[in-house]
Each structure stands twice: as C-alpha cells, then as structure tokens.
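Participant: Provided herewith is a single structure, encoded as structure tokens, for subsequent inquiry.
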Amino acid sequence: MRVLSASQMREADRRTIEDIGIPSIVLMENAGRQVVAAVESLLGDTADRQVSVLAGRGNNGGDGFVVARVLAARACGVLVCLVGQRSDVRGDARLNLEVLERLGIAVAQVVDDESWQRVAPDVMASDVVVDAIFGTGLSSPVSGVVETIADDLNACDIPVIAVDLPSGLSADSGVVIGPVIAAAVTVTLGALKLPLVCAPAESLAGSLVVADIGIPGSVMASIEGPRIEFVVPAEARALLPERELDSHKGVFGHVCLVAGSPGKTGAAYLGGMAALRSGAGLSTVATPSSVQAVVAALGAEYMTLALPEDADGRATALGTGALLAGGFDVVAAGPGVGTGPPQRDLIENLIKRTTCPLVLDADALSVLAASSEGSFRAREGQTIVVTPHPGEMARLVGRTVAEVQANRIDVAVRYAQSHNVIVVLKGHRTLVAAPDGRVFINSTGNPGMATGGSGDVLTGAIAAWLAQLAEPIDACVLAVYLHGLAGDLAARRRGEAGLTSGDILKHLGEAERHLASGGRRAAPGRTESDQV
C-alpha cells in the first residue's frame, strides 16, 4: 500500500480533478461520507447520539462540514465548531459551510481560548469528536487555541476520529513536531501518510482506515517521487512462491551462514535453522573448528563447515577459499563471528570475491564500519544485503542513534544508493531500502521481538528467501514480513515479555502457512483494519 507525501497527495488530487475530470467537491463529499462510515462503525446507530465536529478553514474543514450534514440527516445530534475565522473559509469548504447554515445547523466560531471555553462543555459531552482541523498541509507546530483544544481533548476519554491526519502531525515525518490531538481512529484519505506508519507519530493515530475517495488507482500509481510502500498481507502473500510437486532440495537453494565463536554458538544455530525454517533446501553453518562440534550438536538438520581460526577461536580470512568453493547459492556472514582484524579481513574478502548474494549482519557490520571497506560499493550485478539495527546503522554512517531514528527512511535510502546495496534497517517498522530509491515499511512485529538472537533469525530467513526468489528486494521484503509475523504469532501464545528468539524461529513455518492461507495478522492488543 503506497505511502504518499503531502506534495504527492496534492498532485494526486490535482490530476484527478484536472486530468480525470472528477470535481473537487465530489472528492470532498466522498471523504466526508467515508468519515461518517467510521463514526457509524464506532457508535453503531447514530440516531440520538451526539457528535462534535471541529473543522478548520481549509479542505479538511470542508470534509468536516460534510460529516456534520450527513450525520444530521441521520438524526444524529451535531455540534459544529469552526476553528478560525469564517471569512477565511473558501472554495469547496465555503460551499459546504453555507449549505450547513442554510439547513439551519449552527456553526460556532472558535478563534481563541475564551470562545473555546464557551463550547468545550458541550464538546466534552459528545459521544465522538471528529477532528477536521488540519489535514496534510501542516508543517509547523500548532499553538494558541488549537493547542488548548488538543490538551483538553487528550485529557478526556472521548474517542476522536481524525480526518486524514490527527491535527498537529506533519504529513511528511514520523516525528511529532508539537501538540497533537490524539485519535482513536484515523480515516486517511486516498493513501497512507508517513506519520501514520512511522514511530513515534503513529502512536497518536489509533486504528487506521484508508478511505477511497474516488482517486483512480492509475493516478496513484503514476505519482512520481519517493516510492514508499507499507507492506500489507496481500502484498506479502503475492511474493510467496508455489512449490511444484516434483521439487527437490536443490531447487530451494543452499545457504551458508558464516557465524559463531566461543560463547556465540547460539547465533550460528539460530541463523542456520532459520534458513531451513524459511524454506532453504540446504543449510550449512561455517564456524570456527573449535566450536564446530557444539554448533553441530545444536541442530541435526543443517550441515557444518569448519573454518580456520585465530588464537581467540574466531574465524579468519584463511577460510575464504573453502567458502567460495562450497557452491553455495547465498552466503550470510556476521552473527557471533567477532570484530578483530582477522574477522575484518574475512568480511573484506567475502565482499571482494563472493559472486552469489551476500548478507552482512551483526559483527560483519561492526568490522565493516571500522575498516577500509566501510566506503565500499557493491559491484554491478552483485547483490549485497546489509541488516543493521539502529546502533550499527549509526556506526556505518557516522551519526548518532538518535539521528538515525529521527531520519530512518532518509538514512537507509542514502546508504542503499551510495553503496549499491539493499538495506534492512531493523527496529519497529523495519525498513527495506533498495538502491533504486524504493522503500518498504514492514507492518508486522511487536516489542517482544527486542530480544537477543532475533536478528540472527532474520539473517537466516533473508538468506533463505534470497535463494528462492528471483528478485532480491522481494526476498528481503518477504523475509522481514514473515519474521515479524512469526514474532506476532509467538507473542499470542507466549506474551511479549517472555518472547525469545527461539520462539520466533519455531513460528517461521507457521507464519508462512498463516500468510499463504490468507490469515489476518494482528499484533497482540491491536486491531487490524481490513485496509491496513
């Protein structure tokens, strides 16, 4: 499901109105009626209920005027507050305001704290408040009476339904720029916007409904600029390959995971098994010779390859030849390998000499950030996937974790493009960024997955799907989605606090089955919209 910026949304509106010929007032009418549907979904029969509509001066306010008119026609008590001067309301919004007035529906004007206090008791007595003050055009923090309204509404327990965006959020950022009217439900118009799917702003949006207001799909698809997708079940399901009846293990690829060292054998096990749980036909764990027996004992299903080691029992570049000669379809390296000079040489050798897809995670990223290869660029035709968590991403780009988290999409895209790699930036709403600028925001996962070894499981899963799918970006998107879904399924049974990486591993197969069968995914304690 595509995520649009404020400028992209304006362009979609413009093309629909000017090129397709659908009048703007029709779009406003459709938007208002979609919000009414959300009100009715929340309240049931709206007859004899009380709804307050807080409308701004622009088109978002016009949507609110439509909501008020339609609800009033359905015997719902409606209180309409225009937040701003009546003289500033123009265009389609002005037409809908005048219709309300001709129907005898009073509109209270709220221009300051004093005028707000006169209507606030009635607003607070409502069953639902519709927030139609600001839409996608806001770029600076709200202040004055709108800040007061936000404080008052947030302090009470009346459910708020936001039109397009909760007032106070910027459409182009997941950062909360100032006071916000927190919503129980957000009816976003035409397409998702970044603050609705990116932390921390998304926590203020409540449940999401993506409303079809009449903008044709062809228009949405043709909008130029950043291509950001929110990965929903239907999109992930379309990536799942069908298995032929006469398939054999060679069809599904041979994955090699370079992992493990003394005290870090669990990372090798988790990654090696995750590859098999994600459908790889064969999985080999390449690990230092001194821990090979331990790693082999942990998992009977994968094979092991002993690597030369240094005095600390960690793999060295002397094992490169064996890795290149193994005939592997995908190589993944990093979990538990160590970060010393010998490991740096090993990772640099793999980058320079590996011809199959290469996944770099954990310690491989740490040594990469500190080595001369930190500024590498993947060769033409070479597939390299890097899977940093925010701390590793910060070291790779020379910024702080806070800077990375505040600019996750921009940081991931810039690194993907400058290094010609696929970036899987882990964390809440894990991102998959491609060198061509496309970004995929994952919709699965929960806080319980913030546990040691979760990233090792993801590394094995990514490697397995790279071996099975023709398009590397598809493999990464699917692996990330299923990894998060496995965590969600595990959390339903185990709870979030007690979740372990082993639980995620055990649920990978169930996650694939759940997705293939069309099962709906809902994180613990959350409700999932059919649209999102």
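Participant: Looking at the stretch 138-162, which of its residues are within 20 Å of V67 (Cα to Cα) and of a type outside the set (A, V, I, L, M)?
Facilitator: P159
Participant: Anything in the stretch 1-38 that is of a type in the set (V, I, T) and in contact with an Asp or Glu (Cβ under 9 Å, 6 or more places away or on another chain)? List them, or say none.
Facilitator: V3, I25, V35
Participant: In the stretch 252-288, which residues are of a type in the set (K, R) and surrounded by fewer than 24 Cβ atoms within 10 Å (Cβ to Cβ)?
Facilitator: If the condition is that a residue be of a type in the set (K, R) and surrounded by fewer than 24 Cβ atoms within 10 Å (Cβ to Cβ), then K264 is the only one that fits.
Participant: Can you tell which of V295, V291, V330 is surrounded by 19 or more Cβ atoms within 10 Å (Cβ to Cβ), in contact (Cβ under 8 Å) with a residue 24 or more places away in the chain, more than 31 Å from the chain's Cα centre (by Cα) and closer than 25 Å to G487 by Cβ?
Facilitator: Just a single option satisfies the conditions, and that option is V295.
Participant: List every residue pair whose Cβ atoms sit under 6 Å apart, with the two residues 6 or more apart in sequence or on different chains, where the first one lies in the stretch 139-164 and is farther than 17 Å from V51 by Cα and the second, anywhere, is loosely packed, with under 13 Cβ neighbours inside 10 Å and among the β-branched types (V, I, T).
Facilitator: Partner pairs satisfying both residue conditions: none exist.
Participant: Considering A120, A171, A183, A132, which residue is closer than 30 Å to V411 by Cβ, in contact with a helix residue (DSSP H, G or I) (Cβ under 9 Å, 6 or more places away or on another chain) and modelled with pLDDT of 95 or more?
Facilitator: Exactly one of A120, A171, A183, A132 is closer than 30 Å to V411 by Cβ, in contact with a helix residue (DSSP H, G or I) (Cβ under 9 Å, 6 or more places away or on another chain) and modelled with pLDDT of 95 or more, namely A183.
Participant: Considering only residues that are in contact with a strand residue (DSSP E or B) (Cβ under 8 Å, 6 or more places away or on another chain) and in a loop (DSSP other than H, G, I, E, B), which ones fall in the stretch 72-110?
Facilitator: C76, G84, Q85, V89, I105, A106
Participant: Let me ask another. Is at least one residue of the stretch 47-66 over 23 Å from A125 (Cβ atoms) and not in a helix (DSSP H, G or I)?
Facilitator: Yes: the stretch 47-66 contains one or more residues that are over 23 Å from A125 (Cβ atoms) and not in a helix (DSSP H, G or I).
Participant: Moving to a separate point now. Can you find, within the stretch 167-211, the residue that is nearest to the chain's Cα centre (by Cα) among those that are at positive phi and buried (at least 23 other Cβ atoms within 10 Å of the Cβ)?
Facilitator: Ranking the candidates gives G190 first.
Participant: While we're on this one: Can you name the residue in the stretch 396-428 that is surrounded by fewer than 20 Cβ atoms within 10 Å (Cβ to Cβ) and in a loop (DSSP other than H, G, I, E, B) and is also nearest to the chain's Cα centre (by Cα) among such residues?
Facilitator: It comes out as H428.
Residues checked against (1) of a type in the set (S, T, Y); (2) closer than 23 Å to L282 by Cβ; (3) in the same structural domain as T451 (by TED's automatic domain parsing):
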{"position": "A311", "(1), (2), (3)": "no, no, yes"}
{"position": "T316", "(1), (2), (3)": "yes, no, yes"}
{"position": "A322", "(1), (2), (3)": "no, yes, yes"}
{"position": "A333", "(1), (2), (3)": "no, yes, yes"}
{"position": "V337", "(1), (2), (3)": "no, yes, yes"}
{"position": "P341", "(1), (2), (3)": "no, no, yes"}
{"position": "K352", "(1), (2), (3)": "no, no, yes"}
{"position": "L358", "(1), (2), (3)": "no, yes, yes"}
{"position": "L365", "(1), (2), (3)": "no, no, yes"}
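The values are calculated or read from the model by the stated rules, or taken from the named source; none is laboratory data. Since this is a predicted model, take the numbers as computed values, not measurements. Positions of Cβ are backbone-derived with ideal geometry, glycine not excepted, and every protein chain shown enters the neighbour counts.
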